[in-house]
Amino acid sequence: MGEAVIFLGPPGAGKGTQASRLAVELGFKKLSTGDILRDHVARGTPLGQQVKPIMDRGDLVPDELILALIREELAERVIFDGFPRTLAQAEALDQLLGETGTRLLGVVLVEVPEEELIARMLKRAELEGRSDDNEETIRHRLRVYREKTEPLVQYYEKTGALRRVDGLGTPDEVYARIRASLGI
Ligand code: AMP
């Protein structure tokens, strides 16, 4: 039987870093839809050309495209980073986990105050030069998060899968909280 963990939270919360570490230490595959899409953009594939303007604006890529990627990349033991981001994606994932007999170990919500998120993303823009990390796009991505993705907090609260984790502190501190919240 497969196992899955979901990382939920606003852009800039540190999900990617934490998800990578957990994946390495537990021997899970990290499946980051943002990383996969950025790779397509960098390689100039047809999908990459299609999604680049959407990502540059800070909008969400259509659910069908995301779900096709997820079906391709799904593994026996998987950590989802940046997916699901809409209710439609969450429902489709529930179905997929059911079909493949995969148990959801928990949904980690990494919580960070808004001003801190903006500061972190502006710093990341300087360091990594991500084309969607300028201030206007950052604010737009946060709005998109509140509108489209935040409803998932309630969705997973209802099923009892949600694990709230304080995302402030050193990466080690946050990591320890995440492991404790999942009991693994
Ligand atoms: P991230 O690296 O997770 O912040 O994702 C960067 C960008 O990729 C987002 O702003 C979206 O444009 C797109 N993206 C990543 N994951 C998803 C998803 N699950 N659904 C829709 N769009 C996504």
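The values are calculated or read from the model by the stated rules, or taken from the named source; none is laboratory data. Since this is a predicted model, take the numbers as computed values, not measurements. Virtual Cβ from ideal backbone geometry, glycine too; neighbours counted across all protein chains shown. Surface accessibility is based on the protein's heavy atoms, side chains included, excluding ligands, DNA and RNA. Shrake-Rupley method; radii C 1.70, N 1.55, O 1.52, S 1.80 Å.
Just a few scattered comments:
- Subset of the stretch 20-36 (residues that are closer than 13 Å to Phe80 by Cβ and either part of a loop (DSSP other than H, G, I, E, B) or modelled with pLDDT under 95 (or both)): Phe28
- Scanning the stretch 37-54 for residues that are closer than 29 Å to Glu76 by Cα and near the ligand (Cβ under 8 Å from one of its atoms) yields Leu37, Arg38, Val51.
- For the stretch 74-97, filtering for residues that are open to solvent by less than 60 Å² (accessible area, probe 1.4 Å) and more than 8 Å from the ligand (Cβ to nearest atom) leaves 11.
- Test: residue in the stretch 66-73 that is out of contact with any Leu (no Cβ under 6 Å at 6 or more places or on another chain), open to solvent by 20 Å² or more (accessible area, probe 1.4 Å), more than 12 Å from the ligand (Cβ to nearest atom) and of a type outside the set (Val, Ile, Thr): yes
- Tally of residues being closer than 15 Å to Arg146 by Cα and either part of a loop (DSSP other than H, G, I, E, B) or within 13 Å of the ligand (Cβ to nearest atom) (or both) across the stretch 99-116: 3
- Failed item in (1) at pLDDT 95 or above; (2) surrounded by 14 or more Cβ atoms within 10 Å (Cβ to Cβ); (3) more than 19 Å from Ala161 (Cβ to Cβ); (4) of a type outside the set (Gly, Ala, Ser), with Pro46 passing the rest: (2)
- Look at the stretch 167-184: where a residue is in contact (Cβ under 8 Å) with a residue 12 or more places away in the chain and part of a loop (DSSP other than H, G, I, E, B), no partner that is open to solvent by 60 Å² or more (accessible area, probe 1.4 Å) and hydroxyl-bearing (Ser, Thr, Tyr) sits 6+ places away or on another chain with Cβ atoms under 7 Å.
- Residue within the stretch 117-130 that is open to solvent by 50 Å² or more (accessible area, probe 1.4 Å), of a type outside the set (A, V, I, L, M) and under 27 Å from Leu93 (Cα atoms) present: no
- Once the stretch 1-20 is narrowed to residues that are surrounded by fewer than 18 Cβ atoms within 10 Å (Cβ to Cβ) and more than 12 Å from the ligand (Cβ to nearest atom), the residue that is farthest from the chain's Cα centre (by Cα) is Met1.
- Within the stretch 21-36, the set of residues being under 12 Å from the mean Cα position of the chain (by Cα) and more than 9 Å from the ligand (Cβ to nearest atom) comprises Lys30, Leu31.
- Inter-residue pairs, beta-carbon under 7 Å, first part of a helix (DSSP H, G or I) and in the stretch 85-98, second of a type outside the set (A, V, I, L, M) and surrounded by 15 or more Cβ atoms within 10 Å (Cβ to Cβ), 6+ apart: Leu87/Tyr155; Ala88/Asp63; Gln89/Asp63; Gln89/Phe83; Ala90/Pro84; Ala90/Tyr155; Leu93/Pro84
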